[in-house]
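Notes to accompany the following structure.
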Amino acid sequence: IEIYKKEIQSSLSEEYQSVFKWVREDNFHLTLFFLGYLEPREIEILKEILAETVPQHLTFNLVFDKIVLGPRPQKPRLIWIEGEETKKLLRLRESLKKKLLNSPLPIDRKEIERFTSHITLARIRTWQWRYIPMEERPEIEKEIELRIPVRSIDLMESRLKRPSPEYLKLDSFYLKKT
């Protein structure tokens with residue numbers, strides 16, 4: 001992933017470098033669900049759900065095929081690598097979604113439905129992006145081939161800090177080996 005990020009960075013002229021805030025390599029991740037703030041007792045319930053559900057699913061590969069502006073190319077906020085939503089990934093996600101919706105956790109139904117298989121490479125400073133004329137905006141989109149083996153699901157806590165968010169791993173839950 002870092003290779004693709006560096007490739008894009010090097011393709012940008014100096015004047016556009018400040019438009020993007022690049023994600024550190026140790027913060028690359030794919031979010032299955034964004035749950036917002038949870039109390040410590042709710043985190044324990046979530047861990048129980050993950051411990052019960054994740055091992056029932058087989059390991060799989062994430063497959064990424066392009067670098068794009070997201071979430072909407074017309075009004076982008078991010079540069080991300082985007083990929084297939086494979087059957088195994090969707091099965092795992094659906095299984096977890098059912099358990100989450102039937103749990104006592106404060107789940108935002110709209111938020112839990114939203115999903116695009118992607119890993120963020122950079123955040124766009126939208127106020128700067130808007131001032132770049134359309135015809136002068138840097139070309140970001142690119143076809144790629146990237147497979148990432150998934151052996152576990154990590155429960156992460158995001159901490160909004162400056163200059164960028166940090167992600168702390170709370171626990172890992174292992175998928176069944178194929």
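Things to note:
- Count of the range 78-98 residues which are free of Cβ contacts under 8 Å to residues at least 24 places away in the same chain and of a type outside the set (Asp, Glu): 3
- Subset of the range 14-26 [more than 11 Å from LEU121 (Cα to Cα) and open to solvent by 50 Å² or more (accessible area, probe 1.4 Å)]: GLU14, GLU15, GLN17, SER18, ASP26
- Count of the range 141-165 residues which are over 18 Å from the mean Cα position of the chain (by Cα) and hydrophobic (A, V, I, L, M, F, W, C): 0
- Applying a threshold of 6 Å to beta carbon distances and a minimum spacing of six or more residues, or different chains, the list of pairs starting in the range 40-63 at a residue that is more than 13 Å from ARG91 (Cα to Cα) and open to solvent by 50 Å² or more (accessible area, probe 1.4 Å) and ending at one that is at pLDDT 95 or above and in a helix (DSSP H, G or I) is empty.
- Residues satisfying the stated conditions in the range 100-132, i.e. open to solvent by less than 50 Å² (accessible area, probe 1.4 Å), out of contact with any strand residue (DSSP E or B) (no Cβ under 9 Å at 6 or more places or on another chain) and part of a loop (DSSP other than H, G, I, E, B): SER103, LEU105, ILE107, PHE115, ILE132
- When residues of the range 133-157 are limited to those that are in contact (Cβ under 8 Å) with a residue 24 or more places away in the chain and aliphatic (A, V, I, L, M), the one most open to solvent (accessible area, probe 1.4 Å): MET156
The values are calculated or read from the model by the stated rules, or taken from the named source; none is laboratory data. Values in this document were obtained by computation on a predicted structure and should not be read as measured data. Cβ sites come from the backbone with ideal geometry, for glycine too, and all protein chains shown count toward neighbours. Note: accessible area is taken over every heavy atom of the protein model, side chains too, but ligands, DNA and RNA are not part of it. Shrake-Rupley method; radii C 1.70, N 1.55, O 1.52, S 1.80 Å.
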